[in-house]
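> Input: one structure, supplied below.
The values are calculated or read from the model by the stated rules, or taken from the named source; none is laboratory data. Please read all numbers here as calculations on a predicted model, not as lab measurements. All Cβ positions, even for glycine, are placed from backbone atoms using ideal geometry, and neighbour counts span all protein chains on display. The protein model used for the area step is the full one, side chains on, heavy atoms only, and it has no ligands, DNA or RNA in it. Shrake-Rupley method; radii C 1.70, N 1.55, O 1.52, S 1.80 Å.
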Amino acid sequence: MSAPAGPGAAEDLSGPTTVLVIAKEPLRGRVKTRLTPPFTPAQAALLAEAALGDTLRTVCTLPARRRAVVLEGRPGPWLPPGIEVLPQGTGSLDERLAAAFARCTGPTLLIGMDTPQFTAAHLAAALRPAAWDGCDAWFGPADDGGFWALGLAAPAPELLLGVPMSVPETGAVQRRRLVDAGLTVRDLPQLRDVDTAQDAVAVAAAAPHGRFAATLALLTPAEAR
């Protein structure tokens, strides 16, 4: 069953694709640890919450048949209306991503919580009615060599299992896995993940009107000691 639309949703929210966001509850000391230093664990958690909030608000505007956050932890005030909450599986990241796809049927697109600058335009090609005509997979590469989005016409968890995560070759290995399986792969725009303080500045500049940029602006270097 499709979830109700969130505030500011597009007029037509129907579509053939399930959209998933893989995320962690933004708790101090548990998220965005590479932001410390210069930020404190509490500030890093605030930035993570802002990134997740921006991501989910954009998801609410996307044409999809189902929208869900696959969450490690518990939902909080950052969760907008219209987003289903699914518990995240256990194990390594590749296992958790595979488990998220295993819970779905039909075309499924999974994104992370680390690219709050993404807009509906970045995913438009993968979410249009004919997105899956002659296409088996959509792949969104990240600047750091990983990937920020992965879509499969028919969820196949085995395509993710064993892919080394959080290393410079993650994206190349994952995309090669798709191609080697005989899938027709189309690419989405490349985006920058928020991992370091430098990433945070660049991403905020790319989306200056979002909550992430506003939160970062409040955390001056003097306050981030």
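> I'm trying to understand the selection: among the residues of the range 70-120, which are among the charged types (D, E, K, R) and under 22 Å from A207 (Cα atoms)?
Within the range 70-120, D114 is the sole residue that qualifies.
> Looking at the range 36-49 only, could you name the residues that are open to solvent by less than 40 Å² (accessible area, probe 1.4 Å), of a type in the set (A, V, I, L, M) and touching a Leu at 6+ places or on another chain (Cβ under 8 Å)?
A44, A45, L47
> Which of (1) modelled with pLDDT of 95 or more; (2) under 19 Å from the mean Cα position of the chain (by Cα); (3) assigned to a loop (DSSP other than H, G, I, E, B) is the odd one out, the single condition R28 does not satisfy?
Unmet for R28, out of (1) modelled with pLDDT of 95 or more; (2) under 19 Å from the mean Cα position of the chain (by Cα); (3) assigned to a loop (DSSP other than H, G, I, E, B): (2).
> Of a type in the set (F, W, Y) and within 24 Å of G162 (Cβ to Cβ): which single residue out of W138, W78, W132 fits that description?
Only one candidate qualifies: W138.
> Just give me the residues in the range 175-200 being over 19 Å from D114 (Cβ atoms) and either of a type in the set (D, E) or surrounded by fewer than 15 Cβ atoms within 10 Å (Cβ to Cβ) (or both), in sequence order.
R176, V179, D180, A181, G182, T184, listed by residue number.
> Kindly provide the set of residues from the range 50-71 that are open to solvent by 10 Å² or more (accessible area, probe 1.4 Å) and under 23 Å from R192 (Cβ atoms), ordered by number.
Correct list: D54, R57, T58, T61.
> Within the range 82-99, is there a residue that is assigned to a strand (DSSP E or B), farther than 19 Å from V194 by Cβ, at pLDDT 95 or above and open to solvent by less than 20 Å² (accessible area, probe 1.4 Å)?
Yes, the range 82-99 contains at least one residue that is assigned to a strand (DSSP E or B), farther than 19 Å from V194 by Cβ, at pLDDT 95 or above and open to solvent by less than 20 Å² (accessible area, probe 1.4 Å).
> Restricting attention to the range 99-111, does a residue exist that is aromatic (F, W, Y) and touching a Phe, Trp or Tyr at 6+ places or on another chain (Cβ under 8 Å)?
Within the range 99-111, not a single residue is aromatic (F, W, Y) and touching a Phe, Trp or Tyr at 6+ places or on another chain (Cβ under 8 Å).
> Looking for something hydroxyl-bearing (S, T, Y), over 16 Å from the mean Cα position of the chain (by Cα) and within 24 Å of R28 (Cβ to Cβ) - is there at least one such residue anywhere in the range 82-92?
So far as the range 82-92 goes, yes, one or more of its residues are hydroxyl-bearing (S, T, Y), over 16 Å from the mean Cα position of the chain (by Cα) and within 24 Å of R28 (Cβ to Cβ).
> Still on this model: Can you work out which of the residues in the range 216-225 that are among the aliphatic types (A, V, I, L, M) and in a loop (DSSP other than H, G, I, E, B) is nearest to I22 (Cα to Cα)?
Looking at residues that are among the aliphatic types (A, V, I, L, M) and in a loop (DSSP other than H, G, I, E, B), I get L219.
> Hey, which of the helices (runs of 4 or more DSSP H) in the range 111-215, taking only ones fully inside, have at least 3 residues that are of a type in the set (A, V, I, L, M, F, W, C) and either under 21 Å from L93 (Cα atoms) or touching a strand residue (DSSP E or B) at 6+ places or on another chain (Cβ under 9 Å) (or both)?
120-127, 170-180
> Shifting gears a bit: When you go through P116, P164 one by one, which is the residue that is on the phi < 0 side of the Ramachandran plot and open to solvent by 40 Å² or more (accessible area, probe 1.4 Å)?
Exactly one of P116, P164 is on the phi < 0 side of the Ramachandran plot and open to solvent by 40 Å² or more (accessible area, probe 1.4 Å), namely P164.
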